[in-house]
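J.: Before I ask anything, let me first share the structure, which is written out below as structure tokens.
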Amino acid sequence: MLLIFAGALLIFQPWALGGMHLWSQYIAAALALIAFIVALIPRRYTELHHAGGALRLIMWPKLLRFPFFWLGLIYFGYVLIQIYNPAWQFFRLGAGWAVMPIKHIAWLPHGVAGAPIEMMNGWRTLLIQITPWLLVCALWVGITRRKSIRILLTLIAVSGTVLALAVLLQRLTGTKKILWLWDAPASYFAGTFIYKNHAGAFFVLIIATCLGLAWWHMVRAERELRKSHPGMIYVFMSLLVFTSLAFTYARAATMLGALLLLLAAIGFVIRLFFRKSGGPPPIVSALTTLIGAGFLALCIVSFNTDSVWKKFERLTEEDAHSSITQRQLSARATFDMAQTSLTYGHGAGSFRYVFPKFQQQYPDILHPRYFHKKSGEYRYAKQRLFYEYAHNDYVQLLAENGLVGVFLLGSTLIVIVIAVWQNFVWRQPALLLLLAGPALVAINAWTDFPMHNPAILVGVCGVTALTLRWATLGQKG
């Protein structure tokens, strides 16, 4: 039951338009809650006997010993204080809206009152963030077998690869509709992700998952003296996903994905040709490697990647102002916002309401800029730009939750590092490759907002929890 509901959640959100809509967030939270409840149900293992007969496991004590559970409870309590102590009031103003400061308890965390959940508010932020928290707790408490972990990781890898294949097929057919069925907004590129950079970050996570599973199958084949193994299938899957990643035109994600493939390839070659025994013969491995390289070359030719390079060139040269400069300025303005309430922040989900006050200090991110042909110079349009996200997850986290919120969420990273060290993850390349996905997405979050995409957030948390749980079960076994 845990595999069914946790697997359904991990597969559902990427296909539900990245989980960016309210309806999909309700469904995801419900799946996570069910998985959490199922994980706490006592277990009875009839195949494991001890003095009293079949082994019966009581699950909830493990939850109470899980630091992430308590850190999450404290953080959500912190957000609730922000919600019930508003410092800003949202109100409609004709066809638009505005916020104004109101009286509040200054020494407590504060937020924004009256903001509609359809746009964003503290309650919706809680809904989005409580989903991965419930999932991680469920996986950590409920999973007791390494095979279950591999099943869930395989589901993630296969689902992501099918989604990448759908992107390539949409490119070949030239459709402008979401999965050939539904009308798409102007920002739509392909697949089920509306924003191309979100698709890029998600595919980096899938590539790392495929490579981690490939390495594990290779090592097991060597240990069991097998002449073949399914690891190369996962390598082919990672190459297919990377081809799709290139067509997202997400520069940072594509470079990170290419770096990951390069490092993994070097590691694979060293392992294949310098192992002592087991696994396929070196000549077979060499031929398989050549086939993999040929497959990637075929993808490059078939999908006309000249357009990809031209797109990257244009993005680097012509769009340097609208992309790189604006991201830097928006991060700077967000940091200005953070400094006005550095301890507690302005409240979860408050960015899009409070940021315009600080956006006014930077003309390049206040109005869109265009090239005026007659004068031969750049000018600013009258309409104002509206930022829903800061394009830097860390600065936005500081602005919304302050140093207290950063400390609470940053403590999770400390827990992860301790778990990596205690369970010798750094000695296990397969687990390192699996963790490389979340790590690269975290790097990407410095120049974008992948962690504000529910599908990516759930995927990163799920893969991290599964990998660390695999490590702990490995130590026990």
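J.: Scan segment 207-246 residue by residue and report those that are part of a helix (DSSP H, G or I), more than 22 Å from Leu172 (Cβ to Cβ) and open to solvent by 10 Å² or more (accessible area, probe 1.4 Å).
T.: Answer for segment 207-246, where residues must be part of a helix (DSSP H, G or I), more than 22 Å from Leu172 (Cβ to Cβ) and open to solvent by 10 Å² or more (accessible area, probe 1.4 Å): Trp215, Trp216, His217, Val219, Arg220, Glu222, Arg223, Met232, Ile233, Tyr234, Val235.
J.: Quick one: what pairs do we get from segment 173-187, first residue assigned to a loop (DSSP other than H, G, I, E, B) and at pLDDT below 80, second among the charged types (D, E, K, R) and open to solvent by less than 60 Å² (accessible area, probe 1.4 Å), C-beta under 9 Å, 6+ apart or different chains?
T.: Matching pairs, first to second residue: Ser187/Lys196.
J.: Mind checking which strands (runs of 3 or more DSSP E) fall wholly inside segment 16-105 and carry at least 2 residues that are open to solvent by 60 Å² or more (accessible area, probe 1.4 Å) and either at pLDDT 95 or above or farther than 26 Å from Val460 by Cα (or both)?
T.: Result: 43-50, 86-93, 96-101.
J.: Right, another one. What number goes with the only condition from (1) open to solvent by less than 20 Å² (accessible area, probe 1.4 Å); (2) under 22 Å from Leu256 (Cα atoms) that Gly405 does not pass?
T.: (2)
J.: Related question: Identify, by number, the condition in (1) open to solvent by 10 Å² or more (accessible area, probe 1.4 Å); (2) part of a helix (DSSP H, G or I) that Val204 doesn't meet.
T.: (1)
One line per residue, one yes/no per condition, for (1) open to solvent by 20 Å² or more (accessible area, probe 1.4 Å); (2) under 25 Å from Thr325 (Cα atoms); (3) touching a residue at least 40 places away in the same chain (Cβ under 8 Å); (4) out of contact with any helix residue (DSSP H, G or I) (no Cβ under 6 Å at 6 or more places or on another chain):
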residue	(1), (2), (3), (4)
Asp364	yes, yes, yes, no
Tyr380	yes, yes, no, yes
Tyr389	yes, yes, yes, no
Asn392	no, yes, yes, no
Leu409	yes, no, yes, yes
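J.: Which ranges mark the helices (runs of 4 or more DSSP H) fully within segment 324-409 that have 3 or more residues being under 17 Å from Gly122 (Cβ atoms)?
T.: On the way: elements: 326-339, 351-359, 363-366.
Because the criterion is at least 3 residues that are under 17 Å from Gly122 (Cβ atoms), the helices (runs of 4 or more DSSP H) in segment 324-409 that meet it are 351-359.
J.: Continuing with the same structure: Quick check on my filter: what residues within segment 188-199 are in a loop (DSSP other than H, G, I, E, B) and free of Cβ contacts under 8 Å to residues at least 60 places away in the same chain? Don't jump to the end; show me each part of the working.
T.: Step one: list which residues in segment 188-199 are in a loop (DSSP other than H, G, I, E, B), which gives 188-189, 191-192, 194-195.
Those that are in a loop (DSSP other than H, G, I, E, B) and free of Cβ contacts under 8 Å to residues at least 60 places away in the same chain: Tyr188, Gly191.
The values are calculated or read from the model by the stated rules, or taken from the named source; none is laboratory data. Since the model is a prediction, treat every value here as computed from it, not as a measurement. Here Cβ is always computed from backbone atoms with ideal geometry, including for glycine, and neighbour counts include all displayed protein chains. SASA here: full protein model, heavy atoms, side chains in, ligands and nucleic acids out. Shrake-Rupley method; radii C 1.70, N 1.55, O 1.52, S 1.80 Å.
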